[in-house]
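Asker: First the structure, then my questions, so here it is.
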Amino acid sequence: MCGICGVWLRDERVSVPKLVEMRDSLAHRGPDGASGVLLSSHGAGPPLPFRDGGAGTAAAPDHDIGLGHRRLAIIDLVSGDQPMTTDDGAIWIVYNGELYNYRELRAELQRRGHLFRTESDTEVLLRAYEEFAEDCLSHLNGIFAFSIWDGRRRRLFLARDDVGVKPLYYVEGTRGFAFASEVKALLAYGMVSPELDLDALGAALTFRHTPSPRTLFRGVHKLPPGSFLLVERGEASAPRFFGETVAPERGLGEGEWVRRLSDELADGVRRQMVSDVPIGVSLSSGVDSSTLLAVMSGASTQAVRAFTIGFAGHGRANEIDRARRIATRYGADFHTRVLSHDDYAALMRQYMWHLEEPLGNESAPAYYFVAEMAREAGVKVLLTGQGPDELFGGYDRHLGIAFSRTVEVAASRPARYVVRRIGAGRSLGEKYERLVSSAGADEFDRRLLATYTTFTRDDTEALLKPEVSAAIDWSIPLETVREWLGRAPHGTPLERMLWVDARTFLPDNLLLAEDKMAMATGVEARVPFLDRQFVRVAEQVPGSMKLRPGRRKHVYRRACARWIGSPASRRRKIGFANPMAAWLRSDLIESLFPALDEPGSFVGTYMRTDRVREMLREHEAHRRDHTRKLFFLASLENWYATFFH
């Protein structure tokens with residue numbers, strides 16, 4: 001993995017010091033490989049590449065294009081440095097990612113007459129573009145974000161992988177166009193200044209993350225998953241989506257799907273074990289990571305290194321004992337750490353600088369600690385179990401969509417009275433309120449929006465200052481859901497929801513957090529369950545085989561049973577669950593909301609502090625469980641303090 005960046009300026013030459021600063025703001029993404037820069041021109045001027053700081057290097061008057069790269073060397077440790085070019089020096093690439101089919105693609109390109117100078121997947125991607133242009137994307141199985149300067153066609157070509165494992169941000173303004181793996185690089189060059197996008201804030205409060213292509217930074221966009229854009233004469237096209245959308249197939253029996261999923265699962269894990277450096281696995285006690293470890297152990301000649309965290313003061317969420325038994329079963333080299341709220345509080349000082357986008361994901365900081373353990377053990381590649389919940393229906397929200405008639409009964413007036421009494425002060429109550437809201441929507445797009453919503457309009461009206469709420473376009477959340485549903489294949493409501501989940505909630509929340517936290521420690525996170533071929537098969541499975549009464553991820557669990565046995569395949573999901581609800585009733589709250597009374601704070605500027613205080617009191621007194629909302633508000637406060645002060 002790496003950090004990439006670049007600019008195409010309209011009426012000025014590239015500033016070498018600023019480009020180097022832009023690149024080096026991403027040093028944590030490439031701490032142990034070479035760092036490179038390219039200066040070029042959209043005219044006829046010759047390109048000028050250089051390494052490291054470029055002392056004494058100055059841009060020529062026509063050098064209006066610059067590319068930067070920081071490398072984390074994973075494949076071809078010696079000769080894979082970037083920016084990399086074709087033989088004639090006309091096409092250059094900066095690339096962040098891994099191609100799991102690069103050997104097969106290399107062989108195909110050799111048959112077509114291409115000669116290779118290195119063993120890297122970067123050169124394979126470069127030659128694939130040279131051969132297929134934009135259609136090279138249909139040949140790739142991997143995780144990637146890259147930019148290619150095509151001097152022959154005088155254009156930049158930027159792309160992001162199918163499900164958005166790797167991030168890519170961009171800015172287009174009066175000075176020109178810029179892109180980077182992280183927002184901080186765009187800020188470092190000065191292409192944009194920190195300014196809050198209020199429309200994006202409305203969407204973020206709704207979803208607890210900011211859906212692509214928006215970010216909370218005004219003028220900064222995320223390239224959506226599975227899309228590319230072209231920049232010509234310094235101006236960017238609208239993102240265009242690539243890849244085939246597959247619909248569920250109804251003709252196969254469950255046994256055939258179990259076989260296909262099991263085979264593809266094993267192939268995907270083995271593909272993603274390709275590396276020239278040590279690899280490990282992020283291990284919980286659930287079915288996903290247990291299956292990863294089982295397949296990895298069968299494909300490895302050495303003990304797989306496994307990393308698990310637990311949480312102090314919360315036995316239910318402490319997976320260490322069960323994870324240790326799983327590690328022992330497969331002969332893994334087991335590493336563990338127990339986290340306290342003091343660990344979380346200490347991390348918050350650097351957490352948002354790396355994350356850059358506030359998330360309501362209380363488990364996001366935990367990814368950092370797992371990756372840090374791996375790096376300390378000499379492991380630079382960590383396989384994780386992200387993906388099956390979105391592909392196969394592993395969350396509570398999927399139940400309400402799949403079993404709508406049952407939901408209507410559960411949302412009836414008598415049921416509301418009972419559940420609200422039982423769920424008062426617990427997370428159950430919040431989940432139930434979302435279920436009731438969803439059941440009351442007539443149209444599917446509104447029902448789906450209600451399912452995703454964290455802060456309702458009533459919540460935001462009470463929380464935001466009136467002038468702030470009035471300045472927000474509140475139609476954006478529904479438009480976002482409609483846009484993605486418009487791209488989803490035909491199918492049942494559950495099937496369409498899972499397709500949307502895998503391209504919104506997954507990349508804009510879970511994958512974003514995992515990438516940023518892992519790269520903060522110089523570790524590459526890989527996601528075998530999001531292998532392109534596995535996802536294709538998974539999305540062909542009918543929803544009726546994925547979610548059944550009392551059994552989530554049904555057909556997937558049967559496929560995993562081949563590797564870990566039926567009892568382990570039925571184990572309940574815990575994941576990185578933590579005692580955040582209890583921690584928010586402790587002195588951790590002072591670390592999360594240190595500036596509540598200050599006039600320059602986020603809450604003080606945009607929100608009614610009395611309402612936030614009321615939420616804190618309700619949570620502390622166990623009258624309401626505001627864990628999800630309070631953690632997100634704390635993340636907004638932390639983000640504002642990090643980038644605006």
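The values are calculated or read from the model by the stated rules, or taken from the named source; none is laboratory data. Because the structure is a prediction, the values reported are computed rather than measured. Virtual Cβ from ideal backbone geometry, glycine too; neighbours counted across all protein chains shown. All accessible areas refer to the heavy atoms of the entire protein, side chains included, with ligands and DNA or RNA removed. Shrake-Rupley method; radii C 1.70, N 1.55, O 1.52, S 1.80 Å.
Asker: When the distances between all Cα atoms of segment 192-246 are binned every 5 Å from zero, what whole-number percent does each bin get?
Answerer: 4, 18, 20, 20, 19, 13, 5, 1, 0
Asker: Follow-up question, since we're still on this one. Roughly how big is segment 333-389's charge dipole about its Cα centre, with Cβ charges of +1 (Lys, Arg) and -1 (Asp, Glu), in debye to the nearest 20? It would help to have the intermediate numbers written out before the result.
Answerer: Working: 4 positive and 9 negative charges, 36 e Å.
Computed charge dipole of segment 333-389: roughly 180 debye.
Asker: Can you give the charge dipole size of the chain about its Cα centre, rounded to the nearest 20 debye, using +1 on the beta carbon of Lys and Arg and -1 on the beta carbon of Asp and Glu? Working shown, then result.
Answerer: Details: 85 positive and 85 negative charges, 485 e Å.
So the magnitude is around 2320 debye.
Asker: Percent of accessible area on the chain owned by carbon and sulfur, 1.4 Å probe? Intermediate values should be presented prior to the final figure.
Answerer: Numbers: 11410 of 23580 Å².
Its accessible area is 48 percent carbon and sulfur atoms.
Asker: How long is the gain from L478 to R457 if the chain were fully straight, where each residue apart is worth 0.36 nm and the alpha carbon distance is subtracted?
Answerer: 6.3 nm
Asker: With every protein chain left in place, what is the accessible area of H114 in Å² (1.4 Å probe, nearest 10)?
Answerer: Ignoring ligands and nucleic acids, H114 comes out at about 30 Å².
Asker: So, one more: Rolling a 1.4 angstrom probe over the protein chains, ignoring ligands and nucleic acids, what is the accessible area of H645 in square angstrom, nearest 10?
Answerer: Ignoring ligands and nucleic acids, H645 comes out at about 140 Å².
Asker: A follow-up question, please. In deg cm²/dmol and to the nearest 500, what is the mean residue ellipticity at 222 nm of the chain if only DSSP H runs of at least 4 residues count, each as -39500 (n - 2.57), divided by the residue total? Working shown, then result.
Answerer: On the way: 29 runs with 277 residues, N = 645.
Counting only the DSSP helices, I get -12500 deg cm²/dmol.
Asker: For a quick check: with amide H placed at 1.01 Å from N, whose amide H comes under 5 Å from D333's, ignoring anything fewer than 5 positions away on the same chain?
Answerer: V304, R305, A306
Asker: Ok, one more. Given the Cα-Cα distance of W353 and A58 and 0.36 nm per residue of separation, how much length would full extension add, in nm?
Answerer: Details: separation 295, 0.36 × 295 = 106.20 nm, distance 3.05 nm.
Working it through step by step, the gained length comes to 103.2 nm.
Asker: How many nm separate the modelled label positions at R250 and T328, each set 7 Å beyond the Cα in the direction of the Cβ?
Answerer: Result: 5.0 nm between the two label points.
Asker: Along segment 182-198, what does the Karplus equation 6.51 cos²θ - 1.76 cosθ + 1.60 (θ = phi - 60°) give for ³J(HN,Hα), rounded to whole Hz, x for Gly and Pro?
Answerer: Each residue's phi maps through the Karplus curve to give 9, 5, 4, 5, 5, 5, 5, 6, x, 6, 7, 10, x, 8, 6, 8, 5 Hz.
Asker: In square angstrom, what is the accessible area per residue of the chain with a 1.4 angstrom probe?
Answerer: Averaged over the residues of the chain, the accessible area is 37 Å².
Asker: Further question: Between A470 and F132, what is the label-point separation in nm under the 7 Å Cα-to-beta-carbon projection?
Answerer: With each label point 7 Å from Cα toward Cβ, the separation is 5.4 nm.
Asker: For the chain, what proportion of DSSP beta bridges, expressed in % and rounded to the nearest 5, is antiparallel? Write down the numbers at each step before the final one.
Answerer: Details: 59 of 75 bridges.
Roughly 80 percent of the beta bridges in the chain run antiparallel, per DSSP.
Asker: If you compute Rg and Dmax of the Cα atoms in Å for the structure shown, which of (1) 27.6, 89; (2) 24.2, 77; (3) 33.9, 150 do you land on?
Answerer: (2)
Asker: Less than 13 Å Cβ to Cβ from G36, Lys/Arg counted +1 and Asp/Glu -1: what total charge do the surrounding residues give?
Answerer: Overall, the nearby charge balance is +1.
Asker: Note down the relative contact order for the chain as a percent, whole number, built from C-alpha pairs under 8 angstrom at least six residues apart. It would help to have the intermediate numbers written out before the result.
Answerer: Details: 1252 pairs, mean separation 102.4, N = 645.
So the answer I get is 16 percent.
Asker: Work through the residues other than G486 whose Cβ is under 11 Å from its Cβ and net out their charges, Lys, Arg +1 and Asp, Glu -1.
Answerer: Working: positive: R482, R487, R496; negative: D445, E479, E483.
Cβ neighbours under 11 Å give a net charge of 0.
Asker: Rg to Rh ratio, segment 197-337, alpha-carbon atoms and Kirkwood radius? The partial results should precede the final answer.
Answerer: Working: Rg = 21.4 Å, Rh = 19.5 Å.
That ratio equals 1.10.
Asker: Also, quick follow-up: Cβ under 13 Å from F643's Cβ, F643 left aside: what net charge do those residues give with Lys, Arg +1 and Asp, Glu -1? Write out the running numbers ahead of the final one.
Answerer: On the way: positive: K184, R218; negative: E182, E195, D197, E356, E357, E637.
Overall, the nearby charge balance is -4.
Asker: State, to one decimal in nm, how far the label point of R487 lies from the label point of R112, with both points 7 Å from Cα in the Cβ direction.
Answerer: The modelled label-to-label distance comes out at 2.5 nm.
Asker: I would also like to ask the following. Let me know the charge dipole size of segment 217-343 about its Cα centre in debye, to the nearest 20, where only the beta-carbon of Lys, Arg (+1) and Asp, Glu (-1) is charged. Numbers along the way, then the final one.
Answerer: Numbers: 16 positive and 16 negative charges, 44 e Å.
Here segment 217-343 has a charge dipole of around 220 debye.
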